[in-house]
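Take a look at the structure set out below.
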Amino acid sequence: MNPMKPFFAALALAASLFALHLTARSADKGEEPKKDEPKTEKPKAPSGVSQEVADAARAALRKAGLDAKPEIVTKGVSRPKFKSDDVEDALKKAGFKDLKEVAESLVKFPDDKSPAVPPPPEPGKPPETPGTPGTPAPVDVPKGSKEACAPVEGVGGPDLIWTPEGFGASATGGAGGKRVEISTATSDAVVAAFKQVSATKGNAEIVFTCKGDIDLNPPDKPLLKADNVTVDGRGQVTLWGDKISNRSNPLFSASGTNIIVRNIRCRNDGDNFSFGGASYPSCTRLLISHISSSGSADDGVSIGYGNKDVTLQWSLMAGNTRSIFLKYENKGGDKREIQNISIHHNYITRQWIRGPLAVDVKLLDFRNNMVTNWREWGSRFDSGTTGNAVNNLHILDAWCKGKPDSTVYYKGAGPVYFAGNVGRGCKSGNDGNAKEALPAAPVTTLPVDEMEKLVSEYAGCLPRDAADKELMTIQQLAPRGKVEKGLRTPLTRGGAGSATAPPDEPAPKPGPDDGEAE
């Protein structure tokens with residue numbers, strides 16, 4: 001027998017008893033036994049002026065939903081620098097120390113060689129949607145199919161532009177119902193089709209099989225009032241309101257549940273598109289996709305008066321006095337609440353105000369839109385509205401002379417979450433009062449630079465006609481260096497090259513809602 005064995009056994013027993021004694025003392029004091037805690041290392045970023053630094057900085061900013069390009073100052077300084085606190089904070093958080101080195105790297109190496117997918121999230125943090133600085137908790141809204149958006153033959157484009165998303169994504173319209181064709185390009189044919197489907201309570205697809213321009217001037221309001229209806233212009237029809245004598249009659253009106261409106265243009269009325277109204281019922285489960293609205297004396301698109309579960313996507317609002325109306329009729333005491341509105345991947349340009357205006361909307365999710373060249377207000381979240389404004393691009397060109405500090409405005413609204421918005425020639429619009437995104441229906445949210453390319457090419461009724469193209473590009477549509485109020489689409493039916501300057505109309509008189517007309 002080893003004479004040392006009893007000694008070692010006694011020593012092990014003593015060590016065990018001492019450990020139990022320490023544990024008991026910790027328990028008496030209400031302390032937890034200490035465990036080895038992992039050390040959290042601060043993120044490290046490359047230094048110097050190099051392609052590596054530029055690529056790493058772009059990846060970090062993309063992860064935060066930011067774009068450094070419009071935030072770099074090069075004039076009047078010895079070395080490039082950032083003018084945005086948001087950009088500097090994001091870079092510091094990513095481990096960059098010398099921010100002037102980063103700015104110089106981004107200027108010297110403008111070609112992005114970093115991977116398209118942002119770097120993985122930090123340990124313990126949930127993954128984020130690419131380019132989204134705070135992904136909202138999803139709301140259970142099933143994603144729709146491409147059939148709901150009916151891709152236009154010969155247009156093409158990625159699947160994303162033809163995929164229904166947002167609160168109205170589950171709309172099926174009149175799929176499987178009766179097919180009602182509008183085969184002649186006349187006002188009477190349009191009104192007759194609307195009346196027929198309204199009389200039979202819906203369950204129908206209204207399809208324009210004719211092509212070209214249709215001047216509407218019906219003796220009564222051309223209202224579609226039915227459930228389970230699809231209206232499809234097939235990208236080849238434009239409704240004109242120049243001859244409508246009563247400007248309080250919208251050019252296109254719809255009311256009901258489970259409605260789809262797609263691939264159609266409306267021009268030059270009071271309200272071009274109206275969904276729900278002060279004198280008729282609202283819309284529920286509404287999908288509006290690839291429409292173009294221009295030249296309205298009032299609203300390009302009106303989604304007021306109790307509408308619920310609505311998506312307005314991949315559309316063009318150009319040259320309207322007021323672009324998008326989201327509000328109830330407060331003059332007559334109408335309190336039908338507007339709920340769950342998704343506005344995404346739209347091109348909104350050359351307006352006076354309302355891009356959009358949201359008053360008392362319970363959850364407006366406004367993301368991945370382009371809003372350009374307004375005179376008074378860009379986008380407004382007003383009086384009781386809650387929601388998100390994420391990864392939108394606002395642009396004021398020098399010739400427009402709009403208000404650069406009126407990008408995204410909120411008054412009496414909240415909670416509202418603003419993040420990842422980018423401004424060129426104006427404020428970026430990230431001054432919301434909520435720290436986290438509010439729960440909303442899923443929408444693919446791209447980094448601003450990626451979104452800009454797709455929306456510029458694919459928003460609106462496709463393929464674009466000459467008027468839509470000119471409204472997006474030609475400065476002469478805003479004579480004397482400003483966007484006119486009530487700009488009428490200044491093209492004849494002859495096509496490109498026939499543009500004339502719009503009339504010099506006086507500005508609409510301000511209404512009671514802080515400078516906005518009703």
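The values are calculated or read from the model by the stated rules, or taken from the named source; none is laboratory data. None of these values were measured; they are calculated from a predicted model. Protein only, heavy atoms only, side chains kept; ligands, DNA and RNA dropped before computing areas. Shrake-Rupley method; radii C 1.70, N 1.55, O 1.52, S 1.80 Å.
Couplings 3J(HN,Hα) for region 92-98, derived from phi with the Karplus relation 6.51 cos²θ - 1.76 cosθ + 1.60 (θ = phi - 60°), are 4, 5, 7, x, 7, 9, 9 Hz, where x marks Gly and Pro.
When the scattering of region 237-348 is computed by the Debye formula from its Cα atoms alone, each counted once and equally, what is log10 I(q)/I(0) at q = 0.17, 0.18, 0.24 Å⁻¹? Cα-only, vacuum Debye calculation for region 237-348: -0.73, -0.83, -1.43.
Computing the accessible area with a 1.4 Å probe over protein heavy atoms, can you report the carbon and sulfur percentage for region 57-99? The C+S portion of the solvent-accessible surface of region 57-99 is 47 percent. On a per residue basis, region 261-350 carries 18 Å² of accessible surface, using protein heavy atoms and a 1.4 Å probe. Rounded to the nearest whole Hz, the Karplus-based 3J(HN,Hα) values (6.51 cos²θ - 1.76 cosθ + 1.60, θ = phi - 60°) of region 449-462 follow the sequence 5, 5, 4, 4, 5, 6, 5, 4, 8, 10, 6, x, 5, 10, with x at glycine and proline. Across region 212-227, rounded Karplus estimates of 3J(HN,Hα) from the backbone phi angles (6.51 cos²θ - 1.76 cosθ + 1.60, θ = phi - 60°) give x, 9, 10, 7, 9, 7, x, x, 10, 5, x, 9, 8, 10, 6, 10 Hz, Gly and Pro being marked x.
Taking amide H as placed 1.01 Å from N in the peptide plane, the amide H of CYS426 sits under 5 Å from that of LEU396, each at least 5 places away or on another chain. Of LYS195/LYS335; LYS221/LYS427; LYS243/LYS427; LYS362/LYS453; LYS195/LYS327, which ones are farther than 32 Å apart at the Cα? In this structure, LYS221/LYS427; LYS243/LYS427 exceed 32 Å between Cα atoms. Put simply, the amide H of VAL361, placed in the peptide plane, has neighbours under 5 Å in THR385, THR386, leaving out anything fewer than 5 places away on its chain.
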